[in-house]
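These notes concern the structure reproduced below.
The values are calculated or read from the model by the stated rules, or taken from the named source; none is laboratory data. As the structure is a computational prediction, the values presented were derived from the model and not from experiment. Ideal geometry is used to build each Cβ from the backbone, glycine not excepted, and the neighbour counts take in all protein chains shown. Heads up: the accessible areas ignore ligands, DNA and RNA and are worked out on the full protein's heavy atoms, side chains in. Shrake-Rupley method; radii C 1.70, N 1.55, O 1.52, S 1.80 Å.
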Amino acid sequence: MTVPAPQPQTMAERILSVRGGKPVYAGDLAVVEVDQVMVVDSIAQSFIERMQRDLDALPKYPERVSIVIDHVAPASTVSVAQAQKEAREYAAATGVRLFDVGRGICHQVLMEEGLARPGWIVLGSDSHSTTYGAVAAFGTGMGATDIALAAASGKTWLRVPESVKVTFTGELKPGVSAKDAALEMIRVLGADGATYQSVEMHAGDRFSRGERMTLANLCVEAGAKAGLVVPGGEILTDYGYDIPEWVYPQPGANYVREVVLHLDALRPRMSAPNEVDNVHDVAALSAELRGMHVDQVFIGTCTNGRIEDLREAAAVLKGRKVAPGTRLLIIPASSQVMEQAMEDGTLLTLQRAGAALGTPGCGPCMGRHQGVLAPGEVCVSTSNRNFIGRMGDKDARVYLASPAVAAATAVMGRIALPEDVVAVVGA
């Protein structure tokens with residue numbers, strides 16, 4: 001009897017097959033070893049309760065569990081402070097890793113610490129855990145119960161997702177960034193266009209590691225289970241990653257949808273309220289929108305709080321001032337990013353422009369502290385969500401953009417492109 005040849009596999013199928021010890025394809029159930037479990041402060045109490053009360057278990061591999069205090073850091077209320085105290089005590093008692101206030105945003109920190117690597121399975125109690133796909137790790141978000149079960153057993157189970165193939169061609173023009181490419185990708189896919197699917201991004205040697213994090217991060221805004229950027233060139237090996245052959249997708253793999261995005265035709269994008277896929281060409285926005293007063297600009301988050309993002313903003317803000325009546329908040333994604341920005345003068349440039357600098361962490365991204373919005377206020381943010389009530393009052397409006405567009409907006413006090421700033425200054 002002739003044994004049929006194995007069917008070619010997508011990136012998600014290959015990783016889950018190797019980590020589960022048997023070939024699996026979209027729709028199959030896979031039980032896989034988990035390399036890292038990440039718990040954020042906002043869910044730490046629930047995680048600890050599941051471990052102690054429901055499972056009566058300790059982490060099977062404490063070295064594979066990390067608690068990160070980043071979502072409300074420093075604590076904003078007594079109850080938040082108590083929850084963070086319990087997280088610290090749990091970490092000390094069990095030997096799990098703890099990244100305390102000021103270290104930074106969970107996804108940035110794990111990447112910097114080498115706790116997400118090609119072919120790894122990384123589970124996080126935060127939906128933007130798809131970010132780890134930037135380095136070819138299968139990263140995905142789960143709730144407190146699933147996270148606790150993974151910590152207690154060292155394994156998890158999931159249905160192998162179907163895959164969407166996104167191919168990037170051409171090169172970005174000056175002033176256009178990976179954030180613009182990511183927003184365009186979400187526009188094309190739609191807010192639910194990749195629900196419980198793996199978005200497999202083929203970019204060759206385009207995009208830095210940080211830019212790949214931006215792309216993978218935003219995949220969840222199309223409903224994706226994972227966002228995987230195929231390794232290309234020396235982008236990852238330059239960071240010392242060992243890339244197994246089995247993380248690469250195979251020619252002839254089955255995709256439920258294939259999309260091609262032409263970078264050379266892309267211009268700066270903006271996501272308007274109240275859905276991330278409500279994406280527009282900034283230059284083509286109506287005069288009414290372009291003239292609308294912006295109360296707050298926020299540059300930071302796990303999407304765009306890296307050193308290249310702060311430098312991009314500083315290049316626009318250098319020698320200029322934030323417009324009267326507009327607030328500019330800058331929050332680096334991690335302590336390492338902050339140190340880099342201190343050393344090269346980026347923070348000084350931002351400070352002199354009138355920015356308010358915050359503790360490395362999530363800041364006002366989810367509307368709990370450090371810059372929440374009042375009723376009727378307008379914010380341009382480099383974050384990843386603009387839902388109703390996301391950053392404060394339900395009547396506030398959030399527009400998502402790149403660091404360059406956000407910085408130009410801060411200078412002008414209205415939605416603007418970097419060339420608008422140059423034109424006004426040179427007039």
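Things to note:
- Whole-percent carbon and sulfur share, accessible surface of the chain, 1.4 Å: 52
- Ellipticity at 222 nm from helices only: DSSP H runs of n ≥ 4 in the chain, each -39500 (n - 2.57), divided by the residue count, give -8500 deg cm²/dmol.
- Average Cα contact separation per residue, region 270-424, under 8 Å, 6 or more apart, as relative contact order %: 33
- Solution diffusion estimate, µm²/s, Stokes-Einstein, the chain, Kirkwood Rh from C-alpha pairs, 25 °C, viscosity 0.890 mPa s: 112
- Near Asp242: Cβ cut-off under 14 Å, other residues only, Lys/Arg at +1 and Asp/Glu at -1. The net charge is -3.
- Kyte-Doolittle mean at least -0.5 and Cα axial length at least 18 Å: DSSP H helices in the chain: 78-94
- Checking the Cα-Cα distances for Lys155/Lys394; Lys225/Lys318; Lys22/Lys225; Lys85/Lys318 against a 32 Å cut-off, the pairs over it are Lys155/Lys394; Lys225/Lys318; Lys85/Lys318.
- Centroid-to-centroid, using Cα positions, region 311-347 and region 256-300 are 22 Å apart.
- Reported value for region 270-424: 92 Å³ per residue, from the convex hull of its C-alpha atoms.
- Taking every C-alpha pair closer than 8 Å and separated by at least 6 residues, the mean separation divided by the residue count of the chain gives a relative contact order of 17 percent.
- Over all other residues within a Cβ to Cβ distance under 10 Å of Ala181, the charged ones net out to 0, with Lys and Arg as +1 and Asp and Glu as -1.
- Listed peptides 10-20, 213-223 appear in the order 213-223, 10-20 once ranked by packing, highest mean of other Cβ atoms within 10 Å at the front.
- Taking all protein chains into account, the per residue accessible area for the chain stands at 38 Å² (1.4 Å probe).
- Label-to-label distance for Leu357 and Val256 is 4.6 nm, based on points extended 7 Å past Cα in the beta-carbon direction.
- Computed with a 1.4 Å probe on the full set of protein chains, the accessible area for Glu113 sits at about 80 Å².
- Based on every Cα atom in region 15-92, Rg and the maximum pairwise Cα distance Dmax equal 16.1, 50 Å.
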